[in-house]
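Enquirer: Pasting a structure here, questions to come.
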Amino acid sequence: MVRHRFRVEEVRALASLHPEARLELLDGEVYEMTPPSSRHAGLLDWLLHTLAPKVQGPAQIRVQSPLYLSPHSLPLPDLLLRPREDFYTQDHPRPKDVLLLAEVSLSPEAWDREKKLPLYAEAGVPEVWLLTHKALQAFRRPEGRVYGESFAVARGERVAPLLLPQAELLYHPPL
């Protein structure tokens with residue numbers, strides 16, 4: 001059996017043939033993302049609704065948009081980015097542009113934790129929030145393929161991104 005490892009350029013070409021497909025490239029493997037459930041979309045909407053008024057100006061918000069991690073990884077996370085005059089129309093943002101990366105991780109939660117989190121850490125994404133069924137899990141200070149700091153934020157607790165402290169939020173998502 002021959003296994004082909006894909007590159008970003010190849011996935012872009014494939015996506016141009018099937019623009020309706022939501023394709024993620026993770027460590028050379030292509031995955032078609034399923035449409036988000038209403039719970040997934042609602043949690044993401046809640047997070048953006050809560051953060052947006054606090055980050056207007058110091059950050060740009062991108063939802064399920066490409067992040068160039070490497071020639072073999074182009075995931076579609078939710079991002080708070082350093083503002084750029086061209087709004088990243090010239091190229092995709094890179095880890096150095098990320099102020100906060102968020103993933104709504106409902107099913108399967110292990111997928112984001114085991115497949116994506118090591119890629120984010122290795123690329124140097126400074127902070128990742130995973131919104132799960134039980135809590136918001138924060139990962140900070142990438143060290144190799146892991147994060148040196150991680151903690152859970154329970155319902156009713158407050159948390160703020162390291163690089164956007166003015167965006168503190170009370171973690172109280174809709175049920």
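Enquirer: Can you tell me which residue in segment 90-129 is modelled with the lowest pLDDT, limited to those that are part of a helix (DSSP H, G or I) and either acidic (D, E) or within 10 Å of the chain's Cα centre (by Cα) (or both)?
Expert: If we take residues in segment 90-129 being part of a helix (DSSP H, G or I) and either acidic (D, E) or within 10 Å of the chain's Cα centre (by Cα) (or both), then E109 is modelled with the lowest pLDDT.
Enquirer: Are any residues in segment 101-154 touching a His at 6+ places or on another chain (Cβ under 6 Å) and open to solvent by 20 Å² or more (accessible area, probe 1.4 Å), and if so, which ones?
Expert: L106
Enquirer: Scan segment 71-79 and give yes if some residue there is of a type in the set (S, T, Y) and either assigned to a helix (DSSP H, G or I) or free of Cβ contacts under 8 Å to residues at least 12 places away in the same chain (or both), otherwise no.
Expert: no
Enquirer: Limited to segment 85-142, what total is found for residues that are of a type in the set (F, W, Y) and under 25 Å from R39 (Cβ atoms)?
Expert: Residues in segment 85-142 being of a type in the set (F, W, Y) and under 25 Å from R39 (Cβ atoms): 4 in total.
Enquirer: Considering only residues of segment 77-91 that are open to solvent by 50 Å² or more (accessible area, probe 1.4 Å) and not acidic (D, E), which is farthest from P161 (Cα to Cα)?
Expert: Selected residue: Q90.
Enquirer: Suppose we filter segment 157-166 for residues that are more than 22 Å from P118 (Cβ to Cβ), in contact (Cβ under 8 Å) with a residue 12 or more places away in the chain and open to solvent by 50 Å² or more (accessible area, probe 1.4 Å); how many remain?
Expert: Number satisfying all stated conditions: 3.
The values are calculated or read from the model by the stated rules, or taken from the named source; none is laboratory data. Note that the coordinates shown come from a computational prediction; the quantities given were computed from them, not determined experimentally. Glycine also receives a Cβ, built like all others from the backbone with ideal geometry; neighbour counts cover every protein chain displayed. Keep in mind that these areas ignore ligands, DNA and RNA; they rest on the heavy atoms of the full protein, side chains included. Shrake-Rupley method; radii C 1.70, N 1.55, O 1.52, S 1.80 Å.
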